Amino acid sequence: MFRNQYDTDVTVWSPEGRLLQVEYAMESVKQGSACIGLRSSTHAVLGALKRSVSELSSHQKKLLEIDDHIGVGIAGLTADARTIAKWMRNECLNHKYVYGAPIVSGRLVTDLADRHQRTTQTYVRRPYGVGLLVASCDENGPHLYQTCPSGNVYEYYATAIGSRSQSGRTYLEKIYEGLAEMGRDELIMNAVRALAGCVSGDGELTTENGSVSIVGKGENFTIIEGMELKPYLDRLELEGGNNAAEEEEVTEEEESSGDDDVEAMET
Amino acid sequence: MSLSLTSGGTSARQPSSISALSAATERTRRPMVTGTSVLGIRYADGVMIAADTLCSYGSMAKYKDARRLVSVNAKTLVGGGGEYSDFQAVTELLKRNALEDRCTADSLYAEEEGEEGCAREVWNYLRVVMYNRRNKMNPLWNDLVVAGFSSGGDPFLGYVDKIGTTYEDTFIATGFGSYLALPLMREKYRPDLEEGEARALLEDCMRVLFYRDCRALNKIQIAKVTKEDGVLISDPYEIETDWSSAGFMTPKGELDGDGGW
């Protein structure tokens, strides 16, 4: 990936018609730890794998509340994500003051995409180095969006971003057809299963590095982590891990597939 | 959010020596072309509002076919009294916002396409616009009635005035109507009024207003918002008036007292 001639400024096109700085920013998202999202016809769930710098440090928060009905999961530069989250929270509050009603998440996400695009078209700034999964619920139902540094926004039924997210995506592709009718708890379990597949070879999904959030009709955005996550992790262990063990993945590291596999690799 | 009307009144670009002078000419001090009362009422099927089609130029009845009831989006009507140019600016702003909403809507839910507008949000938005202008001592000189359905599906009727006062109620009257029509509406109102009854009540109030408000006209428009049909605004039509009552016919000189009551 050494295309040095055209990658110095975000305002320079490469001969192939690419903005290399924007693509490099998207690489930054791929380096962040995994974040997955999925939604049924009643709820939208996010799951994230929290990294810690060392054994002595805390795990970096990856799920952020934006409003009662909107939350995000981040992958990439955390500081950029905080700036974006702050802007989103401000927009939500302003909208509530002016219109007396919660902001429609599709609108917020469109405006967010415009903000991302602006950073790709000016000489003095750089693209945001973070991808967001936005989970929300408005009067039409739950939504899941993915944003990336290029300014593209897509709405998804289920998706995963960050490192080793391919195994998450593969698992979600297998189960997505049943998503619409899925109950709340089963939705969370599927998020946990998808997340477990994204853990690196010598680790496992624990109450410290896992976090899940849920938002839905009649349920405000809530983050489930720590001991509250334990029942789901226990169920995962009883199931003996998840199906990601059988899938091929693209990273060079060895894929972890579930709690029981990890135990074997502890040596 | 495009609150472009709220920038009225700031003369930040001018040096301060001139600003005091030009600021005075930039502020609304009094309305020039004015509409009078707007009435609104909730009934069984939805919400109905009425206004006459007169814009007065002081004491002159200048524009006798002005439209003071405007559809702003698929579920919302706005009626305005007061300065007509400000009313036009407000409705253009609201229509532009509605267009922007329609154009940016996009979702995996197919049903969301075509679902637009919420009267309560329009009312809230107007509150912020009017109050902001009031704080700059340069108001949009209007009394506005917002009628329609909220996104929750409930009928909505609300009032916003030039200083940003807001309230919602089952029936509303602005201007002279708040003195003459409200007592009539209070007496006759029921939540389950049929369309014909609601219309008759509003026409009756408009008739009384024509008798007693010097800036009113007997040509009116009625508009309604219902769940099935959305927004419908009638063409202007004349209401019948009867000037043969004793109170009008008897010359005041022949009465005991001075003709007042």
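Quick one: A:Ile175 ticks every box in (1) of a type in the set (A, V, I, L, M, F, W, C); (2) away from chain B (no Cβ under 14 Å); (3) crowded, with 24+ Cβ neighbours inside 10 Å bar one, so which box is it?
(3)
Please determine whether any residue of the range A:50-63 is in contact with a helix residue (DSSP H, G or I) (Cβ under 6 Å, 6 or more places away or on another chain) and crowded, with 18+ Cβ neighbours inside 10 Å.
no
So which residues in the range B:32-71 are at pLDDT below 95 and surrounded by 22 or more Cβ atoms within 10 Å (Cβ to Cβ), if there are any at all?
Within the range B:32-71, no residue meets the criteria.
Among B:Tyr159, B:Tyr167, which is the only one that is within 12 Å of the chain's Cα centre (by Cα), closer than 27 Å to B:Thr226 by Cα and of a type in the set (Ser, Thr, Tyr)?
B:Tyr159
Does B:Cys214 satisfy the criteria of being buried (at least 18 other Cβ atoms within 10 Å of the Cβ) and either assigned to a helix (DSSP H, G or I) or not aromatic (Phe, Trp, Tyr) (or both)?
So B:Cys214 fails the test.
Being in a helix (DSSP H, G or I) and under 14 Å from A:Cys35 (Cα atoms) is the filter here, so list the residues in the range A:181-198 that pass it. Lay out the reasoning, then the answer.
Here is the first cut: in the range A:181-198, the residues in a helix (DSSP H, G or I) are A:184-196.
Residues satisfying the conditions are A:Ile188, A:Asn190, A:Ala191, A:Val192, A:Arg193, A:Ala194, A:Leu195, A:Ala196.
Could you tell me whether B:Thr250 is exposed (fewer than 12 other Cβ atoms within 10 Å of the Cβ) and among the β-branched types (Val, Ile, Thr)?
yes
Show me the strands (runs of 3 or more DSSP E) entirely contained within the range B:59-172 in which 1 or more residues are among the aromatic types (Phe, Trp, Tyr).
Ranges flagged: B:60-63, B:142-149, B:155-160, B:166-168.
Show me the strands (runs of 3 or more DSSP E) found entirely inside the range A:1-98 where at least 3 residues are small (Gly, Ala, Ser) and touching a strand residue (DSSP E or B) at 6+ places or on another chain (Cβ under 6 Å).
A:43-49, A:70-76
Take the range B:91-109 and flag every residue that is within 16 Å of B:Gly158 (Cα to Cα) and either within 14 Å of chain A (Cβ to nearest Cβ) or buried (at least 23 other Cβ atoms within 10 Å of the Cβ) (or both).
Selection gives B:Leu94 alone.
Yes or no, residue by residue, for (1) under 17 Å from A:Ala48 (Cα atoms); (2) more than 14 Å from chain B (Cβ to nearest Cβ):
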{"position": "A:Gln146", "(1), (2)": "yes, no"}
{"position": "A:Glu155", "(1), (2)": "no, no"}
{"position": "A:Ser165", "(1), (2)": "yes, yes"}
{"position": "A:Gly168", "(1), (2)": "yes, yes"}
{"position": "A:Arg184", "(1), (2)": "no, yes"}
{"position": "A:Gly226", "(1), (2)": "yes, yes"}
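Quick test for you: out of A:Gly151, A:Gly100, pick the one residue that is surrounded by fewer than 20 Cβ atoms within 10 Å (Cβ to Cβ), within 10 Å of chain B (Cβ to nearest Cβ) and on the phi > 0 side of the Ramachandran plot.
Details: A:Gly151 fails: within 10 Å of chain B (Cβ to nearest Cβ).
Matching residue, one of A:Gly151, A:Gly100: A:Gly100.
Please work out if B:Met137 is more than 8 Å from chain A (Cβ to nearest Cβ), in contact with a Gly (Cβ under 8 Å, 6 or more places away or on another chain) and farther than 27 Å from B:Asp52 by Cβ.
Details: more than 8 Å from chain A (Cβ to nearest Cβ): yes; in contact with a Gly (Cβ under 8 Å, 6 or more places away or on another chain): yes; farther than 27 Å from B:Asp52 by Cβ: yes.
Criteria met by B:Met137.
The values are calculated or read from the model by the stated rules, or taken from the named source; none is laboratory data. What you see is a predicted model; the values in this text were computed from it and never measured. Backbone-built Cβ (ideal geometry, glycine too); neighbour counts: all protein chains shown.
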